[in-house]
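Any read-out appearing in this document is the output of simple, stated calculations on the displayed coordinates, not a laboratory observation. What you see is a predicted model; the values in this text were computed from it and never measured. Note that each Cβ is placed from the backbone with ideal geometry, even for glycine, and that neighbours are counted across all protein chains shown.
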Amino acid sequence: MRRVLIITYYWPPNGGAGVYRWLKFSKYLPPHGWEPVVYTPSNPELTANDPGLLRDVHAHLEVVKRPISEPYTLYKRLTGRKVDEKVETAFLSEKKRKSWRDDLALWVRSNFFVPDARVAWVRPSIAFLKNYLKEHPVDAIITTGPPHSMHLIGLGLKRALGVKWIADFRDPWTNIDFYQQLKLTGWADRRHRRQERSVLQTADRVVTVSWTWAKDLEQLGAREVAVITNGFDTDDLPAPPVPVDEAWSLVHVGAMTATRDCPALWKRFSALCASDPEFGARFKLRFVGPVDHSIIESVRAAGLMDKVERLGRVSHDEAMREMQRARVLLLPINDTPNKQGILPGKVFEYLAVGRPILAVGPAKGDVVRVLGDGHLQLDREGSEQDDARILALFRGSDRARTASVRSFDRRNLAGEVAQLLEKVVASQPR
């Protein structure tokens with residue numbers, strides 16, 4: 001078999017959305033003729049501890065781990081957080097915090113750690129991997145970001161060894177949702193953009209998860225960006241299937257960040273609860289995962305707090321069960337400039353469990369392209385005209401969904417990765 005080195009920050013037992021893509025590809029690449037080798041930190045900051053994911057790490061998979069130095073102890077000290085407190089990504093904060101300490105910590109993070117807090121791992125990793133690859137050659141390497149420091153490791157190895165390199169963007173770099181929230185000096189912003197351009201122009205191939213983001217990356221300097229979406233693993237589907245709620249539950253699974261707030265939707269549901277006694281008696285708004293404090297304030301302002309259930313962060317197995325028992329699944333698209341291309345990984349697991357989806361976001365985004373029939377897409381403004389469609393979604397949710405999702409099976413997507421690797425390996429040196 002050919003060998004591919006996958007450089008990723010996120011790896012089990014670390015949990016969360018950043019883990020699944022390359023955990024699953026590493027699981028399903030061998031049947032397509034590629035033996036993965038994973039390079040990852042031995043002591044990363046745990047976003048979530050989910051040891052159940054380790055079952056997808058094959059006993060014979062080579063996982064190379066090296067220590068990483070991260071500034072989170074300093075960050076927690078600066079902001080008054082406890083040593084064991086989780087640091088959420090994308091500026092999510094379950095507690096309302098706004099002090100000079102938080103502003104200072106953000107300014108330090110934004111300007112002293114470019115592109116991100118893992119940048120100190122870049123040089124030691126390049127030095128280690130140069131020696132490793134001489135003794136254990138591979139046919140190609142893949143770096144996946146964020147954190148985009150992983151791409152700088154690939155850039156260094158490409159320059160030093162000329163190895164074939166694919167840069168995988170699970171999220172954009174300077175076009176990411178929260179880039180404008182960073183307190184960047186002009187110097188730091190220019191450094192971000194130089195690094196991003198170097199990666200996009202030097203990698204043998206760039207790949208991303210949505211069609212709109214592929215076009216965005218091409219405009220920034222990449223050539224012929226490939227699109228390989230995220231997907232679902234049939235091994236993760238609950239067996240036997242979990243029965244659907246008796247309650248009319250609207251369920252969001254994953255991190256509910258401030259940019260995913262849906263004030264108009266909360267008001268519509270509050271009005272429905274007031275005008276339809278049956279709906280009001282049965283409706284539940286369930287959050288599975290961390291929820292930004294601003295979302296709770298928004299829901300409270302709409303008069304819906306008595307309908308809220310919060311399960312907090314759960315394992316991936318439990319998240320899949322919660323998806324399957326939901327009456328309707330909520331899919332709010334971040335209200336940010338890059339919203340057309342936002343295609344969250346959970347979309348495909350939502351589709352796989354066969355529950356109806358209520359999506360809130362742009363009418364022509366990439367999510368709409370994937371969802372197809374049987375689901376409901378609303379804009380953020382909302383209106384009374386939406387009420388009948390919302391009620392129909394809940395009352396008709398026992399009907400089977402017929403949308404084809406086979407192309408998003410992780411096994412098939414791994415085949416697309418293998419095909420891309422073959423093309424890159426066969427291509428002329430850049």
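Descriptive notes on the structure:
- Qualifying lysines (Cα of each under 21 Å from Cα of residue 82; at least 8 residues distant if same chain): 95, 96, 98
- Average projection, convex hull of the Cα set of segment 234-403: 9.2 square nanometres.
- Put a plus charge on the Cβ of each Lys and Arg, a minus charge on the Cβ of each Asp and Glu, and nothing anywhere else: the dipole of the chain about its Cα centre is then about 1220 debye.
- FRET efficiency for residue 46 and residue 419, using Cβ-Cβ distance with R0 set to 41 Å, rounded to 0.05: 0.75
- Computed over segment 94-158: relative contact order in percent, which uses C-alpha pairs under 8 Å that are six or more apart: 33
- By the rule of a C-alpha distance below 19 Å, with chain neighbours fewer than 8 residues away ignored, the lysines paired with residue 423 are 158, 164.
- Theoretical gain in end-to-end length, residue 385 to residue 301 [0.36 nm per residue, Cα-Cα removed]: 28.1 nm
- With a Förster radius of 41 Å applied to the beta-carbon distance between residue 404 and residue 276, the computed FRET efficiency rounds to 0.75.
- Spacing of the two label points (7 Å from each Cα toward its C-beta) at residue 72 and residue 215, in nm: 3.7
- At an R0 of 45 angstrom, the distance between the Cβ atoms of residue 1 and residue 183 translates into a FRET efficiency of 0.45.
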